[in-house]
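The values are calculated or read from the model by the stated rules, or taken from the named source; none is laboratory data. Note that this is a predicted model, so its numbers are computed, not measured. Here the Cβ is made from the backbone with ideal geometry for all residues, glycine too, and neighbour counts use every protein chain on show.
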Amino acid sequence: MKWFSDRGHPVTGVDRSPQAIETAACYGETLLADIENGPWPLMRGDQVRQFEAVLVTNYLWRPLFPLIAQSVLTGGLLIYETFSQGNGTVGRPSRTDFLLQPLELLSSFENMRTIAFEEGFLENPPRFVQRIVCVNADPGFPDSPTPARYLL
């Protein structure tokens with residue numbers, strides 16, 4: 001949150017840890033919520049709140065994939081990185097329930113336009129991860145002759 005907030009972006013953070021929420025509160029909106037066992041906290045009435053960018057790191061709860069995707073505005077970005085198969089050989093998490101299967105992020109967000117995907121081993125600290133960056137492309141213009149300009 002701090003990195004985005006320091007650059008003038010409005011930010012919203014969700015965590016079930018009161019300590020994490022207290023630490024992050026000075027950077028933007030914070031919501032204390034158990035998103036695995038409670039209701040989705042990012043609602044506006046009966047509509048899912050949408051954001052220009054959604055960032056998920058070191059977290060995996062597969063039932064939330066559809067809500068995460070719905071939270072990205074048309075033209076907005078999803079950036080997701082978390083642990084993948086093999087991580088149990090170098091640390092935690094090690095339970096397969098908490099590790100992505102090969103290419104899982106790629107298939108889980110296939111309705112979005114993938115602009116970057118990585119899967120592999122990082123040395124410092126040692127961990128196996130998958131990373132994906134997707135754009136919630138405008139469904140009305142899937143075959144536009146002029147490609148969208150997503151700055152890299």
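Residues in segment 67-88 that are in contact with a Phe, Trp or Tyr (Cβ under 7 Å, 6 or more places away or on another chain), among the polar types (S, T, N, Q) and surrounded by fewer than 15 Cβ atoms within 10 Å (Cβ to Cβ): how many?
Looking only at that region, the number is 0.
Please give the number of the condition G75 fails out of (1) over 21 Å from V133 (Cα atoms); (2) assigned by TED's automatic domain parsing to the domain that holds Q101.
Tallying (1) over 21 Å from V133 (Cα atoms); (2) assigned by TED's automatic domain parsing to the domain that holds Q101, G75 fails exactly one: (1).
Since F83 meets every condition but one in (1) closer than 17 Å to C134 by Cα; (2) of a type outside the set (S, T, N, Q); (3) modelled with pLDDT of 95 or more, which condition does it not meet?
The single condition F83 does not satisfy is (1).
Mind checking which residues of segment 95-106 are at pLDDT 95 or above and more than 14 Å from the chain's Cα centre (by Cα)?
Across segment 95-106, the qualifying residues are L99, Q101, P102, L103.
Residue under question is V54, and the condition is that it be touching a strand residue (DSSP E or B) at 6+ places or on another chain (Cβ under 6 Å), within 30 Å of F128 (Cβ to Cβ) and in the same structural domain as G91 (by TED's automatic domain parsing); does it hold?
For V54, the condition - touching a strand residue (DSSP E or B) at 6+ places or on another chain (Cβ under 6 Å), within 30 Å of F128 (Cβ to Cβ) and in the same structural domain as G91 (by TED's automatic domain parsing) - is met.
In segment 67-96, how many residues are of a type outside the set (V, I, T), out of contact with any helix residue (DSSP H, G or I) (no Cβ under 9 Å at 6 or more places or on another chain) and in a helix (DSSP H, G or I)?
2
Would you confirm, using the coordinates I've provided, whether D46 is in contact with a Lys or Arg (Cβ under 8 Å, 6 or more places away or on another chain), charged (D, E, K, R) and either in contact (Cβ under 8 Å) with a residue 60 or more places away in the chain or more than 26 Å from E118 (Cα to Cα) (or both)?
No, not satisfied.
Answer yes or no as to whether L60 is under 13 Å from the mean Cα position of the chain (by Cα) and either polar (S, T, N, Q) or under 21 Å from G13 (Cα atoms) (or both).
So L60 passes the test.
Here's the yes/no breakdown for (1) at pLDDT 95 or above; (2) of a type in the set (A, V, I, L, M); (3) touching a Gly at 6+ places or on another chain (Cβ under 7 Å):
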{"position": "E36", "(1), (2), (3)": "no, no, no"}
{"position": "D46", "(1), (2), (3)": "no, no, no"}
{"position": "F51", "(1), (2), (3)": "yes, no, yes"}
{"position": "I79", "(1), (2), (3)": "yes, yes, no"}
